[in-house]
Amino acid sequence: MTTGLLEVHGVHKSYGTLEVLSGVDLTVKPGEVTVILGPSGSGKSTLLRVINHLEKVDRGFVALDGDLIGYARKGDTLRELKEKDILKQRTQIGFVFQNFNLFPHLTALENVVEAPVSAQGRPRAEVEVEARALLERVGLADKADARPRQLSGGQQQRVAIARALATKPRLLLFDEPTSALDPELVGEVLDVIKGLAHEGTTLVVVTHEIGFAREVADTVVFMDAGVVVEQGPPAQVIDAPLHERTRAFLDKVL
Ligand code: ADP
Ligand code: MG
């Protein structure tokens, strides 16, 4: 049925009478980096939230390595997974938000340890060893005991990346991971994401950082008004876009 690690097929999503996703198809192969570009309000965040079943689709489906997200097939019918199983399935997909969304009352280490222990039921001691290694990997070994408010935005976002990696997800989603950062902190976060890309982690990144897209993306997807307008390698979509809507957007952000 599927050729990609992630398959998004014919996804429609409305809020009331507003259709936000109008038939989105997307295939992400293992080890690939997909960058999603598009104007504000085009449905990028909703698409990421649908992939992680933070929002339910109205029509279409999302599958990760052949498993439907949020549903199980029973004969000819689909039934929605129970909350506990949804949480468990979600550990297969890491999510990094624009505003970090760290637990403010937990230390950096505790933030990273939380999901593997609570959603995956793994032993805390073992998870802590891995969590320290993850903090080291994002350059924050010395901040394990700091709380989010004691960290800069760039450091908080790097903790959020370590947290997203802690469940050993098969896919990582980033929703404008550097948009809330002061300009001088953008680079340290993009460097961590680039490192993941070079290690072969499968990434879907919504961003307006065109330089990053050019350098790291295997595929660039341009969305507008709830549809994928065009997609292809950066040299095509960014440097020789086929569609006027893509050109108009790039003229504004470049
Ligand atoms: P983008 O991330 O590309 O800026 P979004 O996916 O956040 O776009 O939003 C797409 C559209 O859906 C916008 O018009 C937004 O106002 C609307 N929208 C998003 N989330 C909700 C919601 N929970 N309820 C109602 N409308 C929403
Ligand atoms: Mg958004």
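What number of residues within region 154-181 are more than 16 Å from ligand 2 (Cβ to nearest atom) and surrounded by fewer than 18 Cβ atoms within 10 Å (Cβ to Cβ)?
So the count comes out to 2.
Filter region 13-38 for residues that are β-branched (Val, Ile, Thr) and open to solvent by 50 Å² or more (accessible area, probe 1.4 Å); which is farthest from ligand 1 (Cβ to nearest atom)?
Among them, the one singled out is Thr27.
Can you tell me how many residues in region 153-199 are without any contact (Cβ under 8 Å) to a residue 40 or more places away in the chain and within 16 Å of ligand 1 (Cβ to nearest atom)?
1
Looking only at region 118-152, count how many residues are buried (at least 18 other Cβ atoms within 10 Å of the Cβ) and under 22 Å from the mean Cα position of the chain (by Cα).
Within region 118-152, residues that are buried (at least 18 other Cβ atoms within 10 Å of the Cβ) and under 22 Å from the mean Cα position of the chain (by Cα) number 6.
Please give the number of the condition Ile69 fails out of (1) free of Cβ contacts under 8 Å to residues at least 60 places away in the same chain; (2) away from ligand 1 (no atom under 13 Å from the Cβ); (3) open to solvent by 40 Å² or more (accessible area, probe 1.4 Å); (4) within 16 Å of the chain's Cα centre (by Cα).
Going through the list (1) free of Cβ contacts under 8 Å to residues at least 60 places away in the same chain; (2) away from ligand 1 (no atom under 13 Å from the Cβ); (3) open to solvent by 40 Å² or more (accessible area, probe 1.4 Å); (4) within 16 Å of the chain's Cα centre (by Cα), Ile69 breaks only (3).
Out of (1) away from ligand 1 (no atom under 15 Å from the Cβ); (2) more than 17 Å from Ile93 (Cα to Cα); (3) not in a strand (DSSP E or B), the odd one out for Gly10 is which?
(3)
In region 39-51, is there at least one residue being exposed (fewer than 13 other Cβ atoms within 10 Å of the Cβ) and more than 16 Å from ligand 2 (Cβ to nearest atom)?
no
Return yes when Leu102 is touching a residue at least 24 places away in the same chain (Cβ under 8 Å), part of a loop (DSSP other than H, G, I, E, B) and either more than 16 Å from the chain's Cα centre (by Cα) or within 16 Å of ligand 1 (Cβ to nearest atom) (or both) and no when it is not.
So Leu102 does not fit the description; no.
Listed here are the residues, each with its yes/no results for (1) in contact with a Leu (Cβ under 8 Å, 6 or more places away or on another chain); (2) in contact (Cβ under 8 Å) with a residue 12 or more places away in the chain; (3) part of a loop (DSSP other than H, G, I, E, B).
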| site | (1), (2), (3) |
| --- | --- |
| Gly31 | no, yes, yes |
| Val35 | no, yes, no |
| Ser42 | no, yes, yes |
| Glu55 | no, yes, yes |
| Arg79 | no, no, no |
| Lys84 | no, no, no |
| Gln89 | yes, yes, no |
| Gly94 | yes, yes, no |
| Gln98 | no, yes, yes |
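The values are calculated or read from the model by the stated rules, or taken from the named source; none is laboratory data. Being a predicted model, the structure only gives us computed values, none of them experimental. So basically every Cβ, Gly included, is an ideal-geometry build from the backbone, and we count neighbours across all protein chains shown. Ligands, DNA and RNA are stripped out before the accessible areas are found, and what is left, the full protein with its side chains, is counted by its heavy atoms. Shrake-Rupley method; radii C 1.70, N 1.55, O 1.52, S 1.80 Å.
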